[in-house]
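Worksheet for the structure shown next.
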Amino acid sequence: MAKSILPGNYVEPLSSYQNQCVKALPGRVFYHVVGYANVTTTGGTVFDVIIPSPDRRTDDKPRADITGLVLPSGAIVYHAALRVPDLRSDRGVGTATSSLSGTNTNRIKLADAIGNDNTLSATVVATNSAAVVVASGTVAPVATTIGVITPAALSGAETLKVYVTDSTGTAAGSTLSSTRSGGTPIIVEVGYYLNDVCADTDAVNLPYLTVS
């Protein structure tokens, strides 16, 4: 059920876990999905996006995390972003660090396929890999965003993942890992909308019938 933004509403963040949407403009239903890909000490070159459960405990979680970020066919994607966070416990002390460890000149991106880069279209969703590069054996905390003014509806469902590429940005790179206990969460975000259905009789001030 979509939330309607009306004068006086108290607006809260949309729930990615519940696939919550909002009617921010007439005729369109907007979705804001935020999740993360966890880079562990084992590492890898492709990471699934996790939509975390509202249940924060690790030993007692009635609602499991959702693994996989799938955009539906027909979704009109206008925004995609990726962030490598600063994991210092006190950001006022020391040097910013992500605790990631990788091969120099390798890149990181959010995409629907490893061969796609820096594009939002009817068939491709991908951030710019050149904006997130491994240097000096690590990735400095950084964020990248791609957005379009006139998006196209996806011609089919797309599953987004975080990919590690080589220096070209379109081929597989080397293993990316984390030295941090519990891993390094790479934050991802997608904004899209769907066309809303037509209003029903509840939205129309119809006259009452007079029975003689």
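The values are calculated or read from the model by the stated rules, or taken from the named source; none is laboratory data. Source: prediction; values computed, not measured. For neighbour counting, all protein chains shown are included, and Cβ atoms are generated from backbone atoms with ideal geometry for every residue, glycine included.
Can you tell me which residue among 67, 41, 45 is touching an Asp or Glu at 6+ places or on another chain (Cβ under 7 Å), hydroxyl-bearing (Ser, Thr, Tyr) and closer than 22 Å to residue 108 by Cβ? Full working, then the answer.
Working: 41 fails: touching an Asp or Glu at 6+ places or on another chain (Cβ under 7 Å); 45 fails: touching an Asp or Glu at 6+ places or on another chain (Cβ under 7 Å).
Every option except 67 fails the conditions.
Please verify whether the range 193-207 includes one or more residues that are of a type in the set (D, E, K, R), more than 21 Å from residue 44 (Cβ to Cβ) and touching a residue at least 60 places away in the same chain (Cβ under 8 Å). Give the derivation first.
If we filter the range 193-207 for residues that are of a type in the set (D, E, K, R), which is where we start, we get 196, 200, 202.
Going one step further and asking which of them are more than 21 Å from residue 44 (Cβ to Cβ), we end up with 196, 200, 202.
The next check asks that each one be touching a residue at least 60 places away in the same chain (Cβ under 8 Å); those that pass are 196.
Within the range 193-207, one or more residues are of a type in the set (D, E, K, R), more than 21 Å from residue 44 (Cβ to Cβ) and touching a residue at least 60 places away in the same chain (Cβ under 8 Å).
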Within the range 194-210, track down each residue that is more than 29 Å from residue 73 (Cα to Cα) and among the hydroxyl-bearing types (Ser, Thr, Tyr). 208, 210
Is it fair to say residue 177 is over 21 Å from residue 75 (Cα atoms) and modelled with pLDDT of 95 or more? yes
The condition from (1) out of contact with any helix residue (DSSP H, G or I) (no Cβ under 7 Å at 6 or more places or on another chain); (2) more than 30 Å from residue 28 (Cβ to Cβ); (3) at pLDDT 95 or above that residue 165 misses is numbered (1)
Name the residues in the range 67-84 that are part of a loop (DSSP other than H, G, I, E, B) and surrounded by fewer than 17 Cβ atoms within 10 Å (Cβ to Cβ), would you? 68, 72, 73, 74
Which one of 98, 129 is out of contact with any His (no Cβ under 7 Å at 6 or more places or on another chain) and within 16 Å of residue 167 (Cβ to Cβ)? 129
Within the range 30-49, how many residues are under 17 Å from residue 112 (Cβ atoms) and either small (Gly, Ala, Ser) or without any contact (Cβ under 8 Å) to a residue 40 or more places away in the chain (or both)? 2
Selected residue (criterion: nearest to residue 98 (Cα to Cα)) from residues of the range 50-83 that are touching a residue at least 24 places away in the same chain (Cβ under 8 Å) and of a type in the set (Val, Ile, Thr): 51
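Within the range 104-115, is there a residue that is closer than 19 Å to residue 50 by Cβ, assigned to a strand (DSSP E or B), of a type outside the set (Val, Ile, Thr) and in contact with a helix residue (DSSP H, G or I) (Cβ under 9 Å, 6 or more places away or on another chain)? Walk me through how you get there before you give the answer.
The first filter runs over the range 104-115 and keeps only residues closer than 19 Å to residue 50 by Cβ, leaving 108-112.
Narrowing further to those that are assigned to a strand (DSSP E or B): 108-111.
Filter again for of a type outside the set (Val, Ile, Thr), leaving 109-111.
Next, only the ones that are in contact with a helix residue (DSSP H, G or I) (Cβ under 9 Å, 6 or more places away or on another chain) stay: 109, 111.
Yes: the range 104-115 contains one or more residues that are closer than 19 Å to residue 50 by Cβ, assigned to a strand (DSSP E or B), of a type outside the set (Val, Ile, Thr) and in contact with a helix residue (DSSP H, G or I) (Cβ under 9 Å, 6 or more places away or on another chain).
Report those strands (runs of 3 or more DSSP E) wholly inside the range 1-62 carrying at least 3 residues which are of a type in the set (Val, Ile, Thr) and either surrounded by 14 or more Cβ atoms within 10 Å (Cβ to Cβ) or at pLDDT 95 or above (or both).
Details: elements: 21-25, 28-39, 46-48.
Passing ranges, in order: 28-39.
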